[in-house]
Amino acid sequence: MGTNNVFFLEVIEWFDESGRELVHRIPEGGSGEIKWGAQMTVRESQAAVFFYNGKAYDAFGPGRHTLKTANIPLLT
């Protein structure tokens, strides 16, 4: 964890053991800063959506993704 309850994320992955969860926030509380080159794994039954100030900015389908943008990981 960084300063002021900020988490610095290098690996982003979520496995729903119950099979019933529709939405999951990472990190669950506080702010999450994504490091340059962070790895994100999205499972076959999942989609990852990045939000900022209540607005969806990008979505990722199944697979392993390397996030390489400064603040908000948008694919171009």
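Okay, here's what the table says:
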read-out: ARG64 being modelled with pLDDT of 90 or more and either part of a loop (DSSP other than H, G, I, E, B) or charged (D, E, K, R) (or both); value: yes
read-out: Selection from the range 44-61 of residues that are at pLDDT 90 or above, part of a loop (DSSP other than H, G, I, E, B) and loosely packed, with under 11 Cβ neighbours inside 10 Å; value: GLU44, ALA47, GLY61
read-out: Filter result for GLU28 (exposed (fewer than 12 other Cβ atoms within 10 Å of the Cβ), out of contact with any Cys (no Cβ under 6 Å at 6 or more places or on another chain) and either modelled with pLDDT of 80 or more or of a type in the set (Phe, Trp, Tyr) (or both)); value: yes
read-out: Cβ-Cβ under 9 Å pairs, at least 6 apart or on other chains, the range 27-43 side over 19 Å from PHE15 (Cβ atoms), far side surrounded by fewer than 11 Cβ atoms within 10 Å (Cβ to Cβ) and of a type in the set (Gly, Ala, Ser); value: TRP36/ALA70
read-out: Number of positions in the range 5-21 that are among the polar types (S, T, N, Q) and either at pLDDT 80 or above or in a loop (DSSP other than H, G, I, E, B) (or both); value: 1
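The values are calculated or read from the model by the stated rules, or taken from the named source; none is laboratory data. The structure displayed is predicted, hence computed values, not measured ones. Because the Cβ atoms are built from the backbone with ideal geometry, glycine has one as well, and the counts that use them run over all protein chains shown.
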